[in-house]
1. Run the dipole for the chain about the Cα centre, Lys and Arg Cβ at +1, Asp and Glu Cβ at -1, nothing else charged, and hand back the magnitude in debye, nearest 20.
2. Counting other C-beta atoms within 10 Å, which of 17, 91 has the fewest, and how do the rest follow?
3. Looking at the square roots a ≥ b ≥ c of the eigenvalues of the Cα gyration tensor of the chain, which shape do they give, rounded for a/c under 1.5, prolate if a/b is larger than b/c, or oblate?
4. Starting with the highest mean, order 4-12, 93-101, 64-72 by the number of other Cβ atoms within 10 Å, averaged over the residues of each peptide.
5. Could you tell me which of rounded, prolate or oblate describes the range 36-79, using a ≥ b ≥ c as the square roots of the eigenvalues of the alpha-carbon gyration tensor, with rounded for a/c under 1.5 and, failing that, prolate when a/b is larger than b/c and oblate otherwise?
6. Sorted from fewest to most neighbouring beta carbons within 10 Å, what does the list 81, 116, 50, 21 look like?
7. Which ³J(HN,Hα) values, rounded to whole Hz and listed in residue order, are derived for the range 82-92 from phi using the Karplus coefficients 6.51, -1.76 and 1.60 in 6.51 cos²θ - 1.76 cosθ + 1.60 with θ = phi - 60°, glycine and proline given as x?
8. Suppose only helical runs count, i.e. DSSP H with n ≥ 4. What mean residue ellipticity at 222 nm does that imply for the chain under -39500 (n - 2.57) per run, divided by all residues and rounded to the nearest 500 deg cm²/dmol?
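Laboratory data are not the source of any read-out in this text; all were calculated from the coordinates shown. Just so you know, these numbers come straight off a predicted model, no measurement behind them. Cβ atoms come from the backbone with ideal geometry, glycine included; neighbour counts cover every protein chain shown.
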Amino acid sequence: MNTGQMLLVMLAIILFSTIIIATYNNLFTILYMAYEAMYQMQAYKIADRIFQEIDAMNISGTKTFLQIFNEYNYTDSILAINNVEYVINSSTSWCDQYGEAPADTLKNYQRIDVVIYCEVGNDTLWTGTPTHPVSYIYGDLGL
């Protein structure tokens, strides 16, 4: 084997190892993104569970509209799922049917805002933020 062939073999080894490293790096990045999406999907499911619970209380009449308002206004709770703690912040506000602040004093609608975050590794994953929460508007069915 002469010097030119040895250089070509070394260049091939360097190129191959660079491609392998880049491929593994991209695979780990994709896996990390998939895990983050899984945690955020779980947080959306938690928010949906809260909204369905409020729906059930509102439709069945087990709690009045004011009781629902007081129970979910500025509450904080922690829910642990698979060793990941989800911090749930909820708040309520009176609104009109569009979710805006009411112009009158009627309290026929309320908006429930939910913000959920969890810490995974060194990251904090937010589902909804304090400025853009996950929201749902409820109407008073006991009118």
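1. On the way: 5 positive and 14 negative charges, 80 e Å.
The dipole magnitude comes to about 380 debye.
2. 17, 91
3. Values: a/c = 4.92, a/b = 3.73, b/c = 1.32.
Cα axes put the chain in the prolate bin.
4. Details: 4-12: 9.9, 93-101: 12.7, 64-72: 15.6.
Result, highest mean Cβ count within 10 Å first: 64-72, 93-101, 4-12.
5. Working: a/c = 4.17, a/b = 1.92, b/c = 2.17.
Taking the square roots of the gyration eigenvalues as a ≥ b ≥ c, the range 36-79 is oblate.
6. Values: 81 13, 116 25, 50 20, 21 10.
In increasing order of surrounding Cβ atoms, one gets 21, 81, 50, 116.
7. Rounded to whole hertz, the list is 6, 6, 10, 8, 9, 8, 10, 10, 10, 8, 10.
8. On the way: 2 runs with 66 residues, N = 143.
The helix contribution divided over the chain gives -17000 deg cm²/dmol.
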